[in-house]
Amino acid sequence: MPKNSNIKKVMVIGSGPIIIGQAAEFDYAGTQACTALKEENIEVVLVNSNPATIMTDKNIADKVYIEPLNVDFLKKIIIKERPDSILPTLGGQTGLNLAMELAEQGFLEEQNVTLLGTKVETIKTAEDRQLFKDKMEEICQPCIASKVVDSYKDALDFALEIGFPVIVRPAYTLGGTGGGIAYNEADLEQIAPNGLRLSRVHQVLIERCVSGWKEIEFEVMRDAKGNAITICSMENVDPVGVHTGDSIVVAPAQTLSDKEFQMLRNAALIIITELGIEGGCNVQFALDPKSLEYAVIEVNPRVSRSSALASKATGYPIAKVATKIAVGYRLDEIINAVTGSTYACFEPTIDYVVVKFPRWPFDKFVRAKRLLGTQMKATGEVMAIEVSFEAALMKAARSLELGIYNLQLSHLKKMDKDALAKQLFVIDDERIFVVAEAMRKEIEISEIHSATKIDTFFLYKLKNIVETEQKLRQGLKDGLYAEAKKLGFTDAVIERLSGQKIKNRAYASYKLVDTCAAEFEAGAPYYYSTFDNCSEHSAGGRKKMLVLGSGPIRIGQGIEFDYCSVHSVWALREEGYETIIANCNPETVSTDFDTADKLYFEPLTPEDIEHLVKVENPDGAIVQFGGQTAIGLTKTLSNLGVAIMGTSEENIDAAEDREKFDKILEKCGIPRPAGKTVFTKDEALEAAKELGYPVLVRPSYVLGGQGMEIAFNDYDVVEFMEIINRVKQEHPILIDKYLLGREIEVDAICDGDDLLIPGIMEHLERAGVHSGDSISVYPPQRLQRKFQDVIVEYTTKLAKALNVVGLVNIQFVLYDDEIYVIEVNPRSSRTVPYISKVTNIPMVDLALKCVLGKKLKDLGYGTGLYKESDYKAVKVPVFSFEKLHDVETSLGPEMKSTGEVLGISKDFGEALYKGLVASGLKIPTENASVLITVRDTDKDEAAKIAKELYNLGFIVYATENTANHFISKGVNTRTVLKIGEGSLDILDMMQAQQFDLVINTPTKGRRTERDGFKMRRRAVELSIPCLTSLDTAAAVIKCVQRMKSNAETSIVDITKI
Amino acid sequence: MKAFLVLDDGTIFEGISAGAQGTAIGEIVFNTSMTGYQEIITDPSNWGQIVLMTYPLIGNYGINDQDGESGKAQAGGLIVRELCKEPSNHRMTQPLGDYLKESGIVAIEGIDTRQLTKEIRKRGVVKGAITTDCDFDVKRIDENKVTDAVRAVTCKKQYQVGCDTAKYNVALIDLGTKKSVITTLTEFECKVTVMPAYTAPKTIIEGGFDGVVLSGGPGNPKECNEIIENIKELQKTGIPIFGIGLGHLLMALASGFDTERMANAHNGANYPVVRAENGASHITVQNHKYVVLSKSVDKEKADITHYNLNDNSVEGIGYKKFAAFSVQFYPGKLLQPFDTGYLFLEFVKYMKAYKKS
């Protein structure tokens, strides 16, 4: 059954912005899908609102629409492009839900569009809780006792029937949004109504809680002919109860006997056979550790985060094969891309251990609840490959870039045995480290097991690490060094623990990931390190370049850096270099073994890079595209004698070192906000006094404004200094005068002599909101020509002074008619992908050519400020606040967004509108009510906004003071009670869904007990749009006006720009 | 305690003893299954061979008293990268290391199993020894010859499995059968009489059986002349025959086809086999190094019913002149389209027809 020749034009729906539960894995899957379709000469129409993706590149699809992912826009695109089919299962839950909605509405049938791959009915059965349960019963596959309910009362009745604890799972939500475990009635009352509201179909599942059972996943695949295979089994180290996205996962499953393994494998294959899946699918099981009883937890009839992990863990390209199946191929007709000689119809077998470790945002959200449950909280993940579990786990831990090298967290050291014994019961992001610490304090394995339910197999492995650590503390005896290396200890840790210098260092050897445990010869250049005598890497004869990736997706360092890394690899290839990429993020395109000539799946730490350099000895390294992770390894590389291509190590340092940077600015005559460097709290207070409040407080050398805060008074300074100093600071803390102006940003490409500025971006919000969290507008709409000239001048001077070769990102603030420089990043930035797409300048490609010595004037795009595009582009941040409890949602200098979307149009208003819609903001129009509570200094400005909203037909609510102020300005305003002022206060009114929009500017300081915080959180939990900047509010008003005018919205194929 | 792995070319790897003390000599075969070490060690087809597990962590769930494929450890020796010292499973009765010691199986851990696997892939046949003896003489490897493997593993006396009221009465010629094959037959309503490999054909023919299963087993099929002759006798009677593994090879030889040693053996749980009849692919468990030569299969007498998707080797033969078929792989037991349980059903159909006539 070869390709279905009726398929000529396929629409692929992406997954939209990066949010918790839906990250870069769908860029990887979508990119593979598009490539696989193009291989078949099928025309590809791609839709995704996320501009920072590889899949939205002009060379990946034939038509690319960066448009909001909703049914209205998809319909417009379908009508314009007339695809014959849609591939719905590669774009995560977002893509799948949209395709289902289009199908359910009958639109696809009407337009003669076919859904490829798994059929609509199958998807419905797999996704709808009740249908799924019925189906499982029909085919004798056990499910956990559960019931779908659509009211709280039914939820409670059923919970009482099966007994607490129960798990609440909302239907059709991502990463378990709105779910949780209820241990009693009070818990249920909190969780269930919220889950009902968040579910697209207003349903939640109440189920028997099997917390503590083993959680096992299978990635399976089936073709239309009925051939079915398992790609990979995975076992969660954290038993059932923690979302699989928040669990430490090991592949293959480790603790299952063959009987158990075959039982679950058969069940998985029976399920996909009976459901009629055509493509990739994920099946999750709970397995009783004390019997052979198991239960099916869920089935995802699409590629997923787990399938990306399984692909990277085995080498089997699931998304690619799923796509080929969708266009008609059978598994036995598709070649195994890794061996090149065998077929995709087989089950990969591996000869190493893979550990996935989640990357949580709690280092940024220090006040967030760290508890883990059924709702995913991680923003990204790392994967590590080794031949032992211990070494893989150690590698994974250091890949997180949290400074963890031997499973020890310094703040846990202080805990005594009793405290640790209690802490073992707490399921949070630090549990594995608590377990290790408990072992250090000699708590018995049996006690740890009974508290955590983690299988003793894993606990003994951890114990092995801890015991080896203790042995090392007694000095490096014979054989101990080799033993420690096998368990994944780095030399730095070994030396620190033993207090001895290692005499003969061992260097890593590299083994291949080949899908077949060496049974067949494999050509895919996909490596991992271990400490063995034999290495399989081949030297290669060409000039080679090492490209460092950007590690796990985290707030402040997202998919955009993977975009840049991948592009730099492509550009290097074009220039004839052999490319080597090192990265540890399993979700990304950069870690597809097809991307570079060689892929090293390794932690991005100095020692791991040292081993790699030792065997590969690259002619140079490219660090400027891998975000702060790669930049942070510049010194390591240059100490190893590797040439840093592009901007030199010295100049990278000059941009980050306060004193050196100040000198450069002084020399160039460029002003910057006055500032001081301090170490202690007292110094900070003094500096603040001298500069005058407000001041910006931040550590140097940070990412995404980590730990950065605006202090309005001494109290704030004391509090922030205390938080910053919780982590030992090697560099001074910066206190800067905070200028309340407008921020402007540029990315420029420099060749050492000339520079090219593709475009200037202006932030919609005034300074103080982190650039990653502000709405960014290209080209600037309010910036006078003379200031643009100044910006070009300053950019040129700075680039020259810093001898930038390659990319540089500079942030400015316009304050009192003067341009100040805030920050210079001598590397690629978050805005590079979108500016590249809108201006049509291949920025990474040009930057790389400059890095290799070419000159801009020969590259065809000219120099200086590039001509403005006819198109306006508005980048809008996207947050994941509903997944993170107790996180302050008001925007500030510390970045909080997880992803971004783009609105593109020739008309600015339309671009803004599309951007806001794409971000998921529910813009209220008819019969809407707005609640406005602002700080005193904002009252006049807020009155104007209130007035406009009122004129647009909004009912305006405000608390007494604000209301009086509005009324005095002639705005008809209703007064609401402040929190606690009586019954039916603000929170009650919100709960009763009285408001469709909340505008709230936070009061000074960061004390979470404040009313504003409670209100903002409640808004997030109730999905009421809450704007915390008046500038954003003004933009939303523009959109409301636009929507009221019923203007037709255009769509843009960016390949035509 | 130290142990050494010595290859026939004199290469020596040092590791740690993971089983009994002493010396095990034999051909080294690698197995790519990630689970099922207990089944593999106790599979009589592995008799006399040193088994190398390509998955690095072995012994994770220990050994239990239910999952053995025969009453004892059969493999000549075991090579692993890491033997689990603290296994965990609710059905476990003892750790693998203890079991190996008790069973007298010499084993070694701490070996770069991937490197060794590649060596075997390149060389095809690699013999070697695992030894705890520091003065081991490499010449002993060449001197070691495995003969009469079937005689070593077959049951000494016939015995019965399954209830008397079962629909079909099956004779299983034990060439080194796996217990699970017998169990599966009982699940397909068969009473199974397991008979020693060298049982006279007359005993079988007169035993009132509805069908004969030729089981899997170890060794070179061409050494089993007596059994091949016996099979010829059985073939003449028209009794349904189902050959598995070695049984499949012997059926082919009894039919005048030829077998050969493969360049690379098939030992693992992930081999794709295509069923010629409908083009369906199945993932199968295999454990063989001899194969039927496809060009030797006389189209007059038989069809190749199954072939390996990757190397096109013969995986199944259907005979035209009598009710018999055979497969090289271990048949699965599920009647699902992705599994090969239909083979048992097919066999049952043959028996049903045979009973009627």
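The values are calculated or read from the model by the stated rules, or taken from the named source; none is laboratory data. Since the model is a prediction, treat every value here as computed from it, not as a measurement. We place every Cβ from the backbone using ideal geometry, glycine too, and count neighbours over all the protein chains shown. Accessible surface areas use protein heavy atoms only, side chains included; no ligands, DNA or RNA. Shrake-Rupley method; radii C 1.70, N 1.55, O 1.52, S 1.80 Å.
Descriptive notes on the structure:
- Placing +1 on the Cβ of every Lys and Arg and -1 on the Cβ of every Asp and Glu, with nothing else charged, gives segment A:212-358 a dipole about its Cα centre of roughly 380 debye.
- Estimated from the Cβ-Cβ distance and a Förster radius of 60 angstrom, the FRET efficiency linking A:N6 and A:K543 is about 0.80.
- P(r) tail, segment A:789-845: Cα-Cα pairs separated by more than 15 Å, 55% of all pairs.
- A 1.4 Å probe run over the protein chains yields, for the protein assembly as shown, 34 Å² of accessible area per residue, whole-number rounding.
- Once the Cα-Cα distance is subtracted from the 0.36 nm per residue extended length, the B:N312 to B:E260 segment shows a gain of 17.3 nm.
- Mean residue ellipticity, 222 nm, helices only, chain A: the sum of -39500 (n - 2.57) across DSSP H runs of n ≥ 4, divided by residue count and rounded to 500, is -10500 deg cm²/dmol.
- Exposure ranking of B:E187, A:E602, A:E138 by accessible area [1.4 Å probe, largest first]: A:E138, B:E187, A:E602
- Cα-Cα P(r), segment A:379-498, percent of pairs per 5 Å interval: 2, 11, 22, 23, 22, 14, 5, 1, 0
- The protein assembly as shown: antiparallel DSSP beta bridges as a percent of all, rounded to 5: 65
- With both labels modelled 7 Å from their Cα along Cα-to-Cβ, the A:C140 to A:D714 distance reads 7.8 nm.
- Diffusion coefficient (Stokes-Einstein, Kirkwood radius over C-alpha pairs, 37 °C, 0.692 mPa s) for chain B: 158 µm²/s, rounded to a whole number.
- Test item: Cα-centred dipole of chain A, Lys/Arg +1 and Asp/Glu -1 on Cβ, debye: 1080
- Taking amide H as placed 1.01 Å from N in the peptide plane, the amide H of A:V976 sits under 5 Å from that of A:A958, A:T959, A:E960, each at least 5 places away or on another chain.
- Only protein heavy atoms count here, probed at 1.4 Å, and on that basis chains B and A bury about 4400 Å² of accessible area in total.
- Value of Rg/Rh across segment A:922-1039 [Cα atoms, Kirkwood radius]: 0.92
- What the phi angles of segment A:177-192 give under the Karplus curve with 6.51, -1.76 and 1.60, with θ = phi - 60°, is a coupling list of 3, x, x, x, 9, 9, 8, 7, 4, 4, 4, 4, 5, 6, 7, 4 Hz, glycine and proline written as x.
- Karplus-derived 3J(HN,Hα) values for segment A:300-313, using 6.51 cos²θ - 1.76 cosθ + 1.60 with θ = phi - 60°, are 10, x, 6, 6, 8, 4, 5, 6, 5, 4, 5, 4, 6, 6 Hz; glycine and proline are entered as x.
- Unit charges at the beta carbon, dipole of the protein assembly as shown: most positive-side option, A:T1049, A:G226, A:F531: A:G226
- Leading residue at positive end of dipole, chain A (Cβ point charges), from A:V695, A:G899, A:I664: A:I664
- Zero-based 5 Å bins, Cα pair distances in segment A:804-912, whole percents: 2, 9, 14, 17, 19, 18, 12, 6, 3, 1, 0
- Using a probe of 1.4 Å on the protein chains alone, the accessible area found for A:R935 is around 70 Å².
- Per-residue SASA entry for B:Y99, accessible area with 1.4 Å probe, Å² rounded to 10: 30
- Phi angles across segment B:191-201 convert, under the Karplus curve 6.51 cos²θ - 1.76 cosθ + 1.60 with θ = phi - 60°, into 3J(HN,Hα) values of 9, 10, 9, 8, 10, x, 4, 9, 4, 5, x Hz, Gly and Pro given as x.
- Summing Cβ point charges (Lys, Arg +1; Asp, Glu -1) relative to the Cα centre of segment A:145-209 gives a dipole of roughly 280 debye.
- Computed extension length for B:L335-B:E233: 33.5 nm, one decimal, from 0.36 nm per residue of separation with the Cα-Cα distance subtracted.
- Cα-based helix-to-principal-axis angle, B:342-356 vs chain B, degrees rounded to 10: 40
- The protein assembly as shown: translational diffusion in µm²/s, Stokes-Einstein, Kirkwood Rh over Cα pairs, 25 °C, 0.890 mPa s: 73
- Area accessible to solvent at A:C850, 1.4 Å probe radius, in Å²: 0
- Alpha carbon Rg of segment A:9-116, scaled by the compact-globule rule 2.2 N^0.38 Å: 0.94
- Shielding by other protein chains, A:931-937, mean Cβ within 10 Å: 0
- Dividing the alpha-carbon radius of gyration of segment B:246-357 by the rule-of-thumb value 2.2 N^0.38 Å gives 1.03.
- Amide H to amide H distances under 5 Å link A:K9 with A:E43, A:D84, A:S85, where only residues 5 or more positions off or on other chains count and H is placed in the peptide plane.
- Alpha-carbon centroid distance for the pair segment A:178-205 / segment A:885-910, whole angstrom: 28
- Spherically averaged projected area of segment A:145-209 from its Cα convex hull (nm²): 3.4
- Under 24 Å between alpha carbons - lysine pairs in segment A:212-358 that sit 8 or more apart or on different chains: 11
- Inverse of mean 1/r across different Cα pairs in segment A:509-644, Kirkwood, Å: 14.8
- Rounded to 10°, Cα long-axis angle of helix B:225-237 versus longest principal axis of chain B: 20
- At least 10 Å² accessible surface lost relative to isolated chain, residues of segment A:441-476 (1.4 Å probe): A:D455, A:T456, A:F457, A:Y460, A:K461
- Under 5 Å, built H, 5+ apart or other chain: amide partners of B:Q94: B:I63
- Förster radius 45 Å - calculated FRET efficiency between A:E650 and B:K2, Cβ distance, rounded to 0.05: 0.30
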